[in-house]
1. For the range 11-26, give me the residue count where each residue is touching a helix residue (DSSP H, G or I) at 6+ places or on another chain (Cβ under 6 Å) and part of a helix (DSSP H, G or I).
2. Could you figure out which of (1) free of Cβ contacts under 8 Å to residues at least 60 places away in the same chain; (2) surrounded by 12 or more Cβ atoms within 10 Å (Cβ to Cβ) isn't true of residue 80?
3. Please return the ranges of helices (runs of 4 or more DSSP H) entirely within the range 67-141 where 1 or more residues are assigned by TED's automatic domain parsing to the domain that holds residue 151 and at pLDDT 75 or above.
Ligand SMILES: [Zn+2]
C-alpha cells in the first residue's frame, strides 16, 4: 500500500473519463499496479454507481402491482377493441342507411311531413292519398330508428 504508484489515480481517471494520453498508456504497459488499476477501474465505477441506483429503484411490490394493473388494462383494451370496431361499423351502416333514405325518399318524406302541417289538417283528406309514404320506406325508417337506438343503448351500456 505504501508503494502506490503516483500515476494510479491518473490511470483510473483516464479509464472512467476515457481521457488517455500517450505517456499514460506507455506507463500502464510498464507498471503492473496501473495495469491492474486500469483493468479494475470500469468494474469499480459500475460498482460505485450500483448503490446509487438501488435507492432510485422503486419498491418491487409497487413495480409488480403496476405491471399487474397495466396487464389487466391492456387485456381489457384488447377485449373491448373488437366491440368498438363493431360499434363503429354499426354506426357507419346506420348513418349510410339514414343518408340513403333521406336522399332517395326526400321528396316523399317532405310530402309526408307536410301532411301533418296545420294547413293540410285543415284541408282534410284532399290529396292525402298521393302524399302517403310507401310502406317499404316507412319500414326502413322504423328499422333504422330502432337500430340507431339499439347501437346507442349498447354503447351506453358498454361504457358502464
Ligand atoms: Zn503506475
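1. Here is the first cut: in the range 11-26, the residues touching a helix residue (DSSP H, G or I) at 6+ places or on another chain (Cβ under 6 Å) are 11-12, 14-16, 20, 24.
Now drop any that are not part of a helix (DSSP H, G or I), which leaves 11-12, 14-16, 24.
Count: 6.
2. Of everything listed in (1) free of Cβ contacts under 8 Å to residues at least 60 places away in the same chain; (2) surrounded by 12 or more Cβ atoms within 10 Å (Cβ to Cβ), residue 80 misses just condition (1).
3. Passing ranges, in order: 106-115.
The values are calculated or read from the model by the stated rules, or taken from the named source; none is laboratory data. Predicted model, so just to flag it, every value in this text is computed and none were measured. Note that we place each Cβ from the backbone using ideal geometry, even for glycine, and neighbour counts take in every protein chain shown.
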